[in-house]
Amino acid sequence: MNVATGLLHTALLAGGVPALAALGEVMSERVGVINLGVEGLMALGAITAVVTVVDGANPYVGFLAAFALGLVVGMGFALITVQIRANQVLCGLALTLMGTGLAAAIGKPYAGTPLPAVFPPVVIPYLSRIPMLGEAVFSQNILVYVIYLVLPLGLHLLLFHTRHGLNLRAVGDNPAAADAAGIAVQRIRFCYVAVGAGFAAAAGAYLTLCFVPSWSDGVVAGRGWIAVALVIFAGFRPINAVLGALLFGATTALGFLGQARNWPIAPALLSMLPYLATLALLIVPAAASPRVRRLLAAPAALGLPYYRDER
Amino acid sequence: MAYRIQRLPTPPRAIALTARALAVGLALITAGVALAWKGASPWSLAHEVITDTFGSAFALEDLALLVSPLILTGLSVWVGLRVGAWNIGAEGQFNSGALAAAGVGLFVPGPTAVVLPLMLIAAIGGGVLWMAGPALARAYVGVSELITTLLLNFVAALLVYWLATGPWLDPGGRAIGTTARIPAEMPAVWGGVHWGLPLAVLLTLGAGTLLNYTRWGYEIRVCGANSDAARYAGMPVRRHLMTVMLLSGGLAGIAGMFEVAGTVHHLQGGISNNFGYLGIMVAVLARRSTLGVLAGAVFMALLLNSGTILSTRGVDVSIVLAVTGLVLLYTAIGDEVAHYRLVPTRELPCP
């Protein structure tokens with residue numbers, strides 16, 4: 001495997017974590033609910049996957065267990081932010097603190113234990129023999145194909161090419177109008193917030209089942225926040241979000257390459273690259289032109305709970 | 001008699017405070033139930049925490065040492081909220097302040113009376129610098145400071161870790177991963193408690209006075225409440241936003257300096273000890289009240305201290321973070337529920 005192939009391979013693998021979480025966050029924010037609990041959900045998903053797989057489950061079961069846990073926690077979050085209408089920023093931060101703290105406490109006995117089973121690579125016949133690209137793109141584990149191809153395309157079609165997608169975007173942009181048109185605002189919000197949280201927890205499971213196959217305290221390392229940032233960068237569009245995640249993955253891969261090749265830069269400094277790159281992704285397009293800023297604008301009712309009475 | 005539910009735009013003060021108290025109490029009860037479910041006895045643990053915290057002057061000093069950084073990080077977030085900015089990056093500004101202070105402390109020779117003020121200035125500079133990017137991006141490009149300040153936390157933590165284990169590593173030290181002892185020390189005011197605590201209280205009262213009793217403070221609060229109205233009234237919204245955000249960064253930087261010069265005396269990885277994140281809690285618990293910042297800091301210090309005590313009894317210290325989240329969650333719910341009231345519906349006479 002040459003350098004470029006290796007870089008792309010690692011970039012795809014590393015980018016999968018924020019990509020999956022960002023897709024979930026796109027769902028949540030498109031219906032108008034900002035979920036800042038991604039970091040905590042990811043930690044919970046990661047430790048769920050570790051606990052189940054160390055106890056003998058196969059990776060698929062571990063992954064689904066994490067998704068199910070995220071779904072349940074997400075329902076709780078949706079109940080509080082959508083039905084009770086509590087402040088979304090505070091509840092998200094609370095979820096991050098609770099998830100991170102609980103996962104660290106549960107994970108203590110599992111720290112450093114290598115996982116007995118992880119997702120094996122699925123080599124796609126013929127395509128994997130393409131020079132350069134084949135090894136990097138078509139011999140990944142099954143989740144990589146799902147995260148980069150199936151989910152973003154599916155979500156894009158759902159959001160922008162179906163009646164239901166139009167409805168759910170209306171819920172995020174103008175819930176009062178959507179309500180008047182007979183769309184079940186609260187129900188749609190509840191469902192998409194819960195599923196989005198499930199995605200975030202699944203991203204945590206992907207982290208420990210595919211990328212760093214063991215638990216350690218702080219293993220999530222801000223990837224949840226990076227996912228939230230990527231959604232803003234992507235202008236709340238699923239395909240852009242995944243491409244942004246790939247860029248994030250590339251900076252991670254570059255850091256690994258630097259460490260492997262003994263570049264004269266400290267590993268700690270190379271580890272800063274993904275965060276700085278994400279910051280640049282956030283600020284540069286917005287600074288570029290007001291037109292871009294308008295194009296990438298957030299759903300108009302993002303963060304605002306919907307009160308039917310207040311009209 | 002039938003009742004219907006009515007939502008008030010602003011909750012009555014007494015109800016809001018009651019909801020707060022209930023939220024905190026319920027969070028602690030939930031944590032106790034969880035501990036009992038795990039097989040521990042919450043009553044005996046609570047008893048130990050209370051006796052260990054208030055039992056000796058030494059323990060109280062430990063508590064006071066936790067209060068002063070929490071006041072300052074809490075104040076940092078609280079000040080930001082007044083102008084409508086969420087500073088989730090107090091953790092990073094704390095680290096960069098600590099780093100700048102340690103740099104001066106380690107490499108600038110001189111008497112303590114000269115070095116300490118220099119460290120303070122460096123720390124303020126470090127905090128302000130760490131906030132400069134997010135403040136500019138928010139004020140001029142409209143990028144949410146929530147995410148930008150937070151992402152810089154990780155950068156600052158890595159930078160501190162790198163310096164403490166690399167270029168600034170104590171060459172003759174036995175401990176791994178810390179710098180040499182910084183010679184300049186904050187003088188003590190009471191036992192092991194340094195001057196950071198009274199200074200933090202003074203800074204809080206000063207900031208509260210500025211915000212509540214000056215024209216500048218009034219304009220800041222208008223900008224925070226409704227920036228469109230502020231702009232229409234001719235207030236320099238951008239300038240106010242920038243000033244307050246940078247001030248917020250500087251305050252968190254001071255917290256870092258106090259920790260380095262008063263308590264830890266080294267620069268080491270993890271020196272920020274989640275003080276920045278807990279500062280968010282302090283600010284949220286305080287609501288609009290200045291004295292609330294002090295009360296919130298004491299409460300969070302008690303919680304943090306309980307975690308340390310419990311960790312010697314086999315309870316994982318990370319649980320404190322989870323309980324903190326629980327308090328925040330219940331507080332958010334309580335704040336919303338406080339808006340509602342039941343009003344009796346009068347039967348209309350039949351025509």
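The values are calculated or read from the model by the stated rules, or taken from the named source; none is laboratory data. Please read these numbers as outputs of a predicted model, since none were measured by experiment. Note that we place each Cβ from the backbone using ideal geometry, even for glycine, and neighbour counts take in every protein chain shown.
Here are a few things to note about the model shown:
- Conditions (1) within 14 Å of A:Ala14 (Cβ to Cβ); (2) β-branched (Val, Ile, Thr); (3) outside any helix (DSSP H, G or I): number failed by A:Thr278: (3)
- Residue that is nearest to the other protein chains (Cβ to nearest Cβ), among those in segment A:109-128 that are surrounded by 13 or more Cβ atoms within 10 Å (Cβ to Cβ) and in a helix (DSSP H, G or I): A:Tyr110
- Test: residue in segment B:90-102 that is surrounded by fewer than 23 Cβ atoms within 10 Å (Cβ to Cβ), part of a helix (DSSP H, G or I), touching a helix residue (DSSP H, G or I) at 6+ places or on another chain (Cβ under 7 Å) and not basic (Lys, Arg): no
- Subset of segment A:133-173 [within 29 Å of A:Pro59 (Cα to Cα) and not in a helix (DSSP H, G or I)]: A:Phe138, A:Ser139, A:Gln140, A:Asn141
- Qualifying residue in segment B:287-305 (condition: modelled with pLDDT under 90, more than 29 Å from B:Leu22 (Cα to Cα), outside any helix (DSSP H, G or I) and not polar (S, T, N, Q)): no
- Answer residue from segment A:1-51, given it is under 18 Å from A:Ile80 (Cα atoms), within 14 Å of chain B (Cβ to nearest Cβ) and over 13 Å from the mean Cα position of the chain (by Cα) and is surrounded by the most Cβ atoms within 10 Å (Cβ to Cβ) among those: A:Val33
- Residue in segment B:325-333 that is touching a residue at least 12 places away in the same chain (Cβ under 8 Å), within 11 Å of chain A (Cβ to nearest Cβ) and outside any helix (DSSP H, G or I) present: no
- Residue identified as modelled with pLDDT under 90, out of contact with any Ser or Thr (no Cβ under 9 Å at 6 or more places or on another chain) and surrounded by 18 or more Cβ atoms within 10 Å (Cβ to Cβ) among A:Leu302, A:Leu281, A:Leu296: A:Leu281
- Residue within segment B:229-236 that is touching an Asp or Glu at 6+ places or on another chain (Cβ under 8 Å) and closer than 30 Å to B:Ala180 by Cβ present: no
- First in segment B:123-135 and assigned to a helix (DSSP H, G or I), second anywhere and charged (D, E, K, R), Cβ under 7 Å, 6 or more apart: B:Pro134/B:Glu145
- B:Gly250 vs. criteria at pLDDT 95 or above, touching a helix residue (DSSP H, G or I) at 6+ places or on another chain (Cβ under 6 Å) and either buried (at least 24 other Cβ atoms within 10 Å of the Cβ) or under 19 Å from B:Leu197 (Cβ atoms) (or both): yes
- Of all the numbered requirements in (1) modelled with pLDDT of 85 or more; (2) within 17 Å of B:Lys38 (Cβ to Cβ); (3) over 21 Å from the mean Cα position of the chain (by Cα), B:Leu326 misses one, and that requirement is (3).
- Every residue from segment B:263-284 that is under 10 Å from the mean Cα position of the chain (by Cα) and assigned to a helix (DSSP H, G or I): B:Phe275, B:Gly276, B:Tyr277, B:Leu278, B:Gly279, B:Ile280, B:Met281, B:Val282, B:Ala283, B:Val284
- Residue-level check: of (1) assigned to a loop (DSSP other than H, G, I, E, B); (2) without any contact (Cβ under 8 Å) to a residue 24 or more places away in the chain; (3) farther than 26 Å from B:Ala164 by Cα, B:Pro109 misses just (3).
- Residues in segment A:257-282 that are facing another protein chain (nearest Cβ under 9 Å) and within 20 Å of the chain's Cα centre (by Cα): A:Ser271, A:Met272, A:Pro274, A:Tyr275, A:Leu276, A:Thr278, A:Leu279, A:Leu282.
- The condition of being of a type outside the set (Ser, Thr, Tyr), away from chain A (no Cβ under 14 Å), in a helix (DSSP H, G or I) and more than 30 Å from B:Gly253 (Cβ to Cβ) holds for only one of B:Ile15, B:Ile71, that being B:Ile15.
- Any chance A:Leu133 is among the hydrophobic types (A, V, I, L, M, F, W, C) and under 22 Å from the mean Cα position of the chain (by Cα): no
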